[in-house]
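Notes to accompany the following structure.
The values are calculated or read from the model by the stated rules, or taken from the named source; none is laboratory data. Just so it is clear, the structure is predicted and the values come from calculations on it, not from any experiment. Cβ placement follows ideal geometry from the backbone for every residue including glycine, while neighbour counts extend to all protein chains displayed. Note: accessible area is taken over every heavy atom of the protein model, side chains too, but ligands, DNA and RNA are not part of it. Shrake-Rupley method; radii C 1.70, N 1.55, O 1.52, S 1.80 Å.
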Amino acid sequence: MKDHLAAKAARSREHGRERREEAPALLAEIALLGVPAALARLGASEGGLSAAQVRQRQEQWGANRVAHERREPLVRQVLRRLANPLNLLLIALAAVSAGMGDSRAALIIAVMVILSLTLATVQERRSSRAAQRLREMVHTTAAVLRAAEEGGRTVTAEQAAEVPIEELVPGDIVHLSAGDMVPADLRLIAAKDLFVNQASLTGESLPVEKHAAPAGAGAAAVIGAMGNICFMGTTVVSGSATGVVALTGRRACFGGLAEKIAGERAPTSFDRGVDRFAWLMIRFILVMAPLVFLINGLTKGDWVQALLFATAVAVGLTPEMLPMIVTVNLAKGAIAMSQAKVVVKRLSAIQNFGAMDVLCTDKTGTLTQDRVILQKALDLDGGDSQEVLEYAYLNSYYQSGLKNLLDVAVLRHAQARQLEAAARAYRRFDEVPFDFERRRMSVALEGGGRRVLICKGAVEEVFAVSSHGRAGGDSFALDDSHLTALRRSVDELNADGFRVIAVAVKELPAAQDACSLSDESDLLLVGYIAFLDPPKESAARAIAALAAHGVAVKVLTGDNEAVTRKICREVGLPADRIMSGAELEGLMEAEAAALIERTQVFARLSPAQKAGVIAALQRNGHVVGFLGDGINDGAALKAADVGISVDSAVDIAKESADLILLEKSLLVLDDGVIEGRKVFGNVVKYIRMGASSNFGNMFSVIGASAWLPFLPMAPVQVLTNNLLYDFSQTAIPTDAVDEEYLARPRRWEIGNIGRFMLTIGPISSLFDYATYCTMYFLFDARAPARAALFQTGWFVESIISQTLIIHVIRTSRLAFIESRASAPLMLTSLGVCAVGGMLPYSPFAGALGFVPLPPLYWPILALMVLAYLALTHVMKVWFHRRFGLD
């Protein structure tokens, strides 16, 4: 076993070294070969691999996964957190303290770093496990043809089976259809009107047509020009194909790219804001620490103590808990959302969710139920028609592409009517797959002594290629009057909430054995089928809840205006003004942006137009989310600040999304918005507290250093103060956030944080100076011999006041009365205050340089703390009235 594992590991390393050379070389080789030779080169057959072959190749090549699937090891996660600039600064300061012989200071700084690292790592791993459990419920599969085992014989399977993409191996035969994500690097062996979007690999914006014919020598040398190769991670826009797997996992071209860019995502505005604040504090420290060092060294002559004190002050000014506060808040939000069955693929998306002020959503399958019901099959006279139903059934049954909700509804209805015998009377010899330009698809069938093309699709698009109609058994040429009457009938159905699909046929010559787009002409229109697509029960409540929290909902659909208007009214969205894709097409960018801002419902949009609407809203200053589940939603999901999809979505939609809903209720969207705002609110609490406290401490430390003949606080006392304060802040992620703060979207406002710092910061300094005067004049702590009394008095006042002030800063209301902190935050605050007050009387007092305080100190301290809290509340109320809650 050991030798087997060693050999397997050696093979894995060898494959890793050879991937860059082997992958392009193998693909170039099979691109030049014909289909039989390519199959032979890959050890495959059109009937699929046997179970034994699959097992052997899985052992040889491993699972079909790329780098982003791997879980980050604990050691690497800890090292990544240690590399944070704030932690590196603390480690450097600990080294300075140790080098100067102050082991107590070095130990306290190390405890701070360990506390921050431990809390952040434990919480992030906890949220990762919760997300992983949910992610395992999201299945991405591929349609694979594999040989079956019957009585010891290998038998070719008649139909492809859905197999998890991780289980694919080289040589597997895979079927592709519109909406599929290509699961590995494939050599096509058959293709029909196949167009693939490979922008993720080559950057090409337009879909590329693919085929099964051997490539020319020049084309085979360039990845983007390999017309018979489909690459892992690209998506099928339209058409269908069959291919043989050539390369899987990290050996695939996309797998190699993913290994480079795994985990790298563009930072959000929230990420950039936190980083700006951290670097602002670091620059602040780089100015303050040398200044404190020089002032104390020059005024007191003890340069060693001055350096230790400056080091301690630098530690005190460092917002070392910021990375932990951010991570724990985001992880807590992810866990809360996982309990609501939401897979969070990217933690920072939670905060974007809270900042979102516009949610764009597709209609079908998102606002509406994912169970469409076929209600009517009508001829052109409006009567029930068995013929129309049978033609629609044959089309849905024999089409090889993605069976959408409408196809499923047709098949379910036909099964209930026992129409399966009609399908057995025919065989398919060709098809013209669906695409979003034509918005129709056709199958070519042979049976009953005839060859017939059956076309179904969007009403206008089928009308456009129909020249005749049939009603009551009689055929007639279609003219404008007929088309007007038919459109009127369809509009009436649409107004009643029905989605209408037209059905047309065409007799084909007996000798014709293939079809193309040109055959979709001169069709005979036989009727239409009508579906009810009722809204989700939770849609209206979810939209109302989002609106109440400041999120505007806009509908972006490819469906027609009448059906869209009906559904929108049922879910409570005003739909008097609907903008169509055709209207958008001819508008200038500035004009389109203004109209998009005012319009709430958009119909008949192409995939590119959906993404364009989102981009226009982003240029207008909005943070935009998009909820979609279809083939045509991939571009919009990528363009949005927050991409949201559902478990039943097609592969490309789930791959593009930041969040995946595992339950049908849309109310979880509003829950997600609230969680995002809670995350942001609690992070801002810490930042406001740290910024204002540090700004006030700047005046306090500089003034005391210049005035006093001794250090205002011993270095070890400064560090102890900071450690206790940090511990009190660890409970901030558990805190509640006021309802008025959650009522509207919140964004990063560094300017407002600066104004808050300038307003609140000097208040703490004012009461520090009041403490100085009390200790200096009232308790006669003037001489160096009385320094310990002065330092003890300021330590106790500092730790109690700055620990309690978070309760005032955390809310715009009256602290402790109108708004109370969470129980953990209350307990940690009271605990830290109690420890701070008891230290001068504890066994640790001597080691820390503390002495007992006079009895009169305590009532004076109580009055000062109450005055400090009251004045801060008054200034806070003024600030929020003047500048808002941000």
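Taking R65 as the residue in question, decide whether it is of a type outside the set (G, A, S) and either free of Cβ contacts under 8 Å to residues at least 60 places away in the same chain or under 13 Å from V245 (Cα atoms) (or both). It would help to see each step written out before you state the result.
Details: of a type outside the set (G, A, S): yes; either free of Cβ contacts under 8 Å to residues at least 60 places away in the same chain or under 13 Å from V245 (Cα atoms) (or both): no.
No.
Inside the stretch 780-812, can you point out the residues that are outside any helix (DSSP H, G or I) and in contact with a Pro (Cβ under 9 Å, 6 or more places away or on another chain)? Break it down into steps so the answer makes sense when it comes.
Quick first cut of the stretch 780-812, residues outside any helix (DSSP H, G or I) only: 780-783, 810-812.
Matches in the stretch 780-812: R782, A783.
Which condition breaks for V237 when tested against (1) assigned to a strand (DSSP E or B); (2) open to solvent by 10 Å² or more (accessible area, probe 1.4 Å); (3) at pLDDT below 85; (4) out of contact with any helix residue (DSSP H, G or I) (no Cβ under 8 Å at 6 or more places or on another chain)?
Status for V237: all satisfied but (4).
Out of all the residues in the stretch 501-538, which are aromatic (F, W, Y) and at pLDDT below 90?
From the stretch 501-538, those aromatic (F, W, Y) are 528, 531; that's our starting set.
Hit for the stretch 501-538 is F531, nothing else.
The rows are residues; the columns are (1) aliphatic (A, V, I, L, M); (2) part of a helix (DSSP H, G or I); (3) touching a residue at least 60 places away in the same chain (Cβ under 8 Å); (4) in contact with a His (Cβ under 9 Å, 6 or more places away or on another chain).
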| residue | (1), (2), (3), (4) |
| --- | --- |
| A636 | yes, yes, yes, no |
| I660 | yes, no, yes, no |
| G672 | no, yes, yes, no |
| G676 | no, yes, yes, no |
| N682 | no, yes, yes, no |
| K685 | no, yes, yes, no |
| I702 | yes, yes, yes, no |
| Q717 | no, yes, yes, no |
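To keep it simple, each residue is scored yes or no on (1) aromatic (F, W, Y); (2) at pLDDT 85 or above; (3) assigned to a helix (DSSP H, G or I); (4) at negative phi.
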| residue | (1), (2), (3), (4) |
| --- | --- |
| A6 | no, no, yes, yes |
| S12 | no, no, yes, yes |
| E21 | no, no, yes, yes |
| P24 | no, no, yes, yes |
| I30 | no, yes, yes, yes |
| A38 | no, yes, yes, yes |
| E46 | no, yes, no, yes |
| Q53 | no, yes, yes, yes |
| Q56 | no, yes, yes, yes |
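Within the stretch 813-840, how many residues turn out to be under 18 Å from V796 (Cα atoms) and either in a loop (DSSP other than H, G, I, E, B) or in contact with a strand residue (DSSP E or B) (Cβ under 8 Å, 6 or more places away or on another chain) (or both)?
Result for the stretch 813-840: 0.
Within the stretch 396-416, is there a residue that is polar (S, T, N, Q), more than 19 Å from S177 (Cβ to Cβ), out of contact with any Pro (no Cβ under 6 Å at 6 or more places or on another chain) and part of a loop (DSSP other than H, G, I, E, B)?
Initially, the stretch 396-416 is screened for residues polar (S, T, N, Q), giving 396, 399-400, 404, 415.
Narrowing further to those that are more than 19 Å from S177 (Cβ to Cβ): 415.
Checking the rest, the ones that are also out of contact with any Pro (no Cβ under 6 Å at 6 or more places or on another chain) come to 415.
Narrowing the set further to residues that are part of a loop (DSSP other than H, G, I, E, B) leaves none.
Looking for residues that are polar (S, T, N, Q), more than 19 Å from S177 (Cβ to Cβ), out of contact with any Pro (no Cβ under 6 Å at 6 or more places or on another chain) and part of a loop (DSSP other than H, G, I, E, B), one finds none in the stretch 396-416, hence no.
So which of P859, P854, P843 is surrounded by fewer than 18 Cβ atoms within 10 Å (Cβ to Cβ) and assigned to a helix (DSSP H, G or I)? I'd like the intermediate steps shown before the answer.
Numbers: P854 fails: assigned to a helix (DSSP H, G or I); P843 fails: assigned to a helix (DSSP H, G or I).
The conditions single out P859.
Sort out which residues of the stretch 292-304 are open to solvent by 70 Å² or more (accessible area, probe 1.4 Å) and under 50 Å from the mean Cα position of the chain (by Cα), and write them in order of number.
L294
Table: residues versus (1) among the hydrophobic types (A, V, I, L, M, F, W, C); (2) closer than 16 Å to F463 by Cα; (3) open to solvent by 50 Å² or more (accessible area, probe 1.4 Å).
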| position | (1), (2), (3) |
| --- | --- |
| L493 | yes, no, no |
| D496 | no, no, yes |
| V500 | yes, yes, no |
| V503 | yes, yes, no |
| K506 | no, yes, no |
| Q512 | no, no, no |
| E520 | no, yes, no |
| L524 | yes, yes, no |
| G527 | no, yes, no |
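Take the residues in the stretch 436-489 that are buried (at least 16 other Cβ atoms within 10 Å of the Cβ) and among the β-branched types (V, I, T); name whichever of them is farthest from V410 (Cα to Cα).
Among those residues, the one meeting the criterion is V465.
(1) assigned to a loop (DSSP other than H, G, I, E, B); (2) over 28 Å from L508 (Cα atoms): which one isn't true of C360, the others all being true?
(1)
Could you run through the stretch 578-634 and say how many residues are surrounded by fewer than 19 Cβ atoms within 10 Å (Cβ to Cβ) and β-branched (V, I, T)?
The total comes to 1.
Tell me, which residue of the stretch 361-376 that is within 21 Å of M441 (Cα to Cα) and out of contact with any strand residue (DSSP E or B) (no Cβ under 6 Å at 6 or more places or on another chain) is least open to solvent (accessible area, probe 1.4 Å)?
G365
Report whether or not D379 is more than 30 Å from I282 (Cβ to Cβ), acidic (D, E), surrounded by fewer than 24 Cβ atoms within 10 Å (Cβ to Cβ) and in contact with a strand residue (DSSP E or B) (Cβ under 6 Å, 6 or more places away or on another chain). Please lay out each step first, then the result.
Working: more than 30 Å from I282 (Cβ to Cβ): yes; acidic (D, E): yes; surrounded by fewer than 24 Cβ atoms within 10 Å (Cβ to Cβ): yes; in contact with a strand residue (DSSP E or B) (Cβ under 6 Å, 6 or more places away or on another chain): yes.
In short, yes.
So D193 ticks every box in (1) open to solvent by 40 Å² or more (accessible area, probe 1.4 Å); (2) at pLDDT 75 or above; (3) farther than 18 Å from F434 by Cα; (4) over 30 Å from the mean Cα position of the chain (by Cα) but one. Which box is left unticked?
Result: D193 passes all but (3).
Write out, first by first residue and then by second, each pair whose Cβ atoms fall under 9 Å of each other, whose residues are 6+ apart or on separate chains, and whose first residue, in the stretch 465-478, is farther than 10 Å from D381 by Cβ while the second is in a loop (DSSP other than H, G, I, E, B) and open to solvent by 70 Å² or more (accessible area, probe 1.4 Å).
V465/D522; S466/D522; S467/D522; H468/D522
Quick check: anything in the stretch 796-813 open to solvent by 30 Å² or more (accessible area, probe 1.4 Å), at pLDDT below 95, under 45 Å from the mean Cα position of the chain (by Cα) and over 20 Å from L724 (Cα atoms)?
yes
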